[in-house]
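Trainee: To start, I am sharing the structure in question, which I have written as structure tokens.
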Amino acid sequence: MRKLVGEKWLFAAALCVPVFVFVLFGLSVVLTPLPAPRMPEATEILDTSGARVANLFTENRVEVPVAEMPDFLLNAVVAVEDDRFYTHKGIDPLGLARAMARNVRAGRVVEGGSTITQQLAKNMYLTQERTVARKLREAVLTLKLEHAYSKREILGMYWNTIYLGAGTYGAEVASRTYYGKSVRELSLAEAALLAGLPRSPEYYTPLNNPEAAVSRRNLVLDKMAAAGYIPADLAARTKKEPLRLNAGAAKLTQIQEEAPYFVDFVKRELEARYPEVARNLYKGGYDIFTTLDLGMQQAANEAVRRAAPAVEGQAGTGQQPQVALVAIEPATGHIKALVGGRETKVALNRAVEPQQPGSAFKPFVYAAALETRQYSAASTQLDAPAEFPGATPGKPWRPRNHGNQYSYAPASMRTALRRSLNVVTAQWINTVKPPAVINLARRMGIESPLADDLTVGLGSSAVTPLEVTRAYAPLANGGFNVKPLSIVKIVDRQGNVIAEERPSRSKVLDPGVAFIVTDMLKTVVGPGGTAATVSGYMAGRPAAGKTGTSDESRDAWFVGYTPDLVAGVWVGSDANTPSWREGGGTAAPIWASFASKALVRTKFRDWTPPPGVTAVEVCSATGRLPNAVCPTVREWFLAGTEPAEVEPEPAPEPAPPISDEPVPPLL
């Protein structure tokens, strides 16, 4: 009797264990909260027209609403991956049993038993480990997904999360990669090929194995026909279609080669101003609309590639000479193109690294002199060797012209800029004093430290190509400082605008001063100017600019502009070795090559003299009002600074003395 009672208790206990497990599993399903389905999504950096500049990702994914996916894409994956999808509740015992039987017969794994919902649960919430605990967790989350979402929503999430080979996650990125189009535009044949990829993405990807990809595609079409999703004759016709891939299809890289340094600059801006976006940059799925113009960027890349031949420098220094180019729109401050070096992989972004600008700094000296309204473009200083107080007491400063060439005659501001006369510029900065020049440079956009001595006017203080380019913008736009902008708008994955930036302009320079300095700088790119080569590229388009060369030709510069674009070019060695030619022979041709292509669709425009500026004929040598015989030139003046003094008439040649001696007779 006792034995019988004991056996009954054992039997009851044995029955209770599965019941307890079942109840525990049911409670887990009910009580386990379903995490929010947030998969890592690629951030896209876009140019001003919406063209993609770069993808930043841990998993390259762009989500698309299921309502925008073609029905045949949804049906294709059901037909090939889970033909009982619409009848089971997330876990399919019949499908699992069928898969196990086929695997036993084959002696290896030839079919998986996981449903689409189980695959989704694993991809969204779990790791790839193979443990009982993980499988139980997968089952719980699968049932939760089936309860929380419709079958169509589950298919949409599946297509947005699944890995599809070649570094692509989700149907949208795979469609762009393989076909160069959105998933919304897929044909039946293209959708069937994508549906065949989840089984073994890297094997079936058409980039690695096009024959296997087509064979798998055709199997999907047969299964769609067998399931009644498409007619059999349509499947037969579609199977005959050749594989048509995007001409540029390739495994995606994180940053495209067109603008790696610009992308680097955008990332710096995000870290400084939008740290939350920066922290989630590679998984947040942001759309970052930028100021870049890919057409201009390509023109910049081409100009840099065609620059002085690159050779390997000293050990570890890479290709030399290096080149940086920055172009901004003077009306808005929008950065339209940026090159920070000759490599395609960012190592050092030289567009934002300080370098000595040399004579490219001189326009700030002349603008400061004009601002006083005591001097004009016709005002002169003696072009001859001179000595000035040095930064160190007892050590005079003796600037020299290039090649130690002097005219030993008065030279106007215009002549001094056109010929880049160092000694005349030193005379002017000694006249207006360094604080006035520094103050003006600061207002126009120079932020780097500047030496508070006479050498500052000849570019002794290092500045970045970006800030010099910015500081020239007020000359191009009539006197307005513009803040350089790279980011226009940031949109999150839900389509919410979380940041938007607009141009920032402030009046910093009299429009008349800007116009007169620009008119003087136009002669730099004309005959006899230090950048005369520029005019040969511009086909008559008005342009202005200034060359710059630092001591021993370590740095070569040209900063030039039109009313629509201002760009700065630096050429030099990372090792700071002296070897490059002057700015006019090295940097100016790069600028001209870039600008001529970047502005090809922009109408020719010239600067118009603003109110308060007048043109006066003056003596070319002295700047005074002309007399009857002196050579004249037309010069621009701020109102009230026009010359009032007339050039004195030259003294008449003395008459020869009268001789009393008789004139000898003619023979």
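The values are calculated or read from the model by the stated rules, or taken from the named source; none is laboratory data. Computed from a predicted structure; not experimentally measured. Every residue, glycine as well, gets a Cβ built from its backbone with ideal geometry; the counts of neighbours run over all protein chains shown. Note: areas computed on protein heavy atoms with side chains; ligands, DNA, RNA excluded. Shrake-Rupley method; radii C 1.70, N 1.55, O 1.52, S 1.80 Å.
Trainee: For the structure I just gave you, tell me whether residue 569 is open to solvent by less than 40 Å² (accessible area, probe 1.4 Å), modelled with pLDDT of 90 or more and more than 16 Å from residue 538 (Cα to Cα).
Mentor: yes
Trainee: Name, by its number, the condition in (1) modelled with pLDDT of 95 or more; (2) open to solvent by less than 50 Å² (accessible area, probe 1.4 Å); (3) under 30 Å from residue 586 (Cα atoms); (4) out of contact with any helix residue (DSSP H, G or I) (no Cβ under 6 Å at 6 or more places or on another chain) that does not hold for residue 288.
Mentor: For residue 288, the exception is condition (3).
Trainee: Then there is this: Here are 445, 390: which of them is touching a Pro at 6+ places or on another chain (Cβ under 8 Å), of a type outside the set (A, V, I, L, M) and at pLDDT 95 or above?
Mentor: 445
Trainee: Checking the condition of a type outside the set (Gly, Ala, Ser), within 19 Å of residue 445 (Cα to Cα) and in contact with a strand residue (DSSP E or B) (Cβ under 7 Å, 6 or more places away or on another chain), which residue from 511, 503 passes?
Mentor: 503
Trainee: Which one is most open to solvent (accessible area, probe 1.4 Å), of the residues in the range 470-495 that are small (Gly, Ala, Ser) and touching a residue at least 60 places away in the same chain (Cβ under 8 Å)?
Mentor: Among them, the one singled out is 478.
Trainee: Of these, 575, 628, 621, which one is at pLDDT below 95, farther than 28 Å from residue 380 by Cα, of a type in the set (A, V, I, L, M) and surrounded by fewer than 24 Cβ atoms within 10 Å (Cβ to Cβ)?
Mentor: 575 is the lone residue from the list that is at pLDDT below 95, farther than 28 Å from residue 380 by Cα, of a type in the set (A, V, I, L, M) and surrounded by fewer than 24 Cβ atoms within 10 Å (Cβ to Cβ).
Trainee: I'd like the full set of residues that are within 21 Å of residue 71 (Cα to Cα) and not in a helix (DSSP H, G or I), limited to the range 190-242.
Mentor: Correct list: 196, 197, 198, 199, 227, 228, 229, 230, 231, 241.
Trainee: Only residues that are of a type outside the set (Lys, Arg) and closer than 18 Å to residue 521 by Cα: list them for the range 395-422, please.
Mentor: Listed by number, the residues that qualify are 411, 412, 413, 415, 416, 417, 420, 421, 422.
Trainee: Taking into account only those residues within the range 520-540 that are within 19 Å of residue 299 (Cβ to Cβ) and of a type in the set (Val, Ile, Thr), which is surrounded by the fewest Cβ atoms within 10 Å (Cβ to Cβ)?
Mentor: 533
Trainee: When only residues in the range 471-513 that are within 22 Å of the chain's Cα centre (by Cα), of a type in the set (S, T, N, Q) and part of a loop (DSSP other than H, G, I, E, B) count, which is modelled with the lowest pLDDT?
Mentor: The qualifying residue modelled with the lowest pLDDT is 504.
Trainee: Okay, moving on. From (1) modelled with pLDDT of 95 or more; (2) of a type in the set (D, E, K, R); (3) more than 24 Å from residue 461 (Cβ to Cβ), pick out the condition that doesn't hold for residue 283.
Mentor: The number of the failed condition is (1).
Trainee: Identify all residues within the range 72-97 that are open to solvent by 30 Å² or more (accessible area, probe 1.4 Å), modelled with pLDDT of 95 or more and either of a type outside the set (Phe, Trp, Tyr) or more than 46 Å from the chain's Cα centre (by Cα) (or both); write none if there are none.
Mentor: 75
Trainee: Within the range 541-559, which residues are surrounded by fewer than 23 Cβ atoms within 10 Å (Cβ to Cβ) and at pLDDT 95 or above?
Mentor: 541, 542
Trainee: With respect to residue 142, determine if the residue is without any contact (Cβ under 8 Å) to a residue 60 or more places away in the chain, β-branched (Val, Ile, Thr) and buried (at least 24 other Cβ atoms within 10 Å of the Cβ).
Mentor: yes
Trainee: Would you mention how many residues in the range 28-71 are under 17 Å from residue 123 (Cβ atoms), at pLDDT below 90 and β-branched (Val, Ile, Thr)?
Mentor: 2
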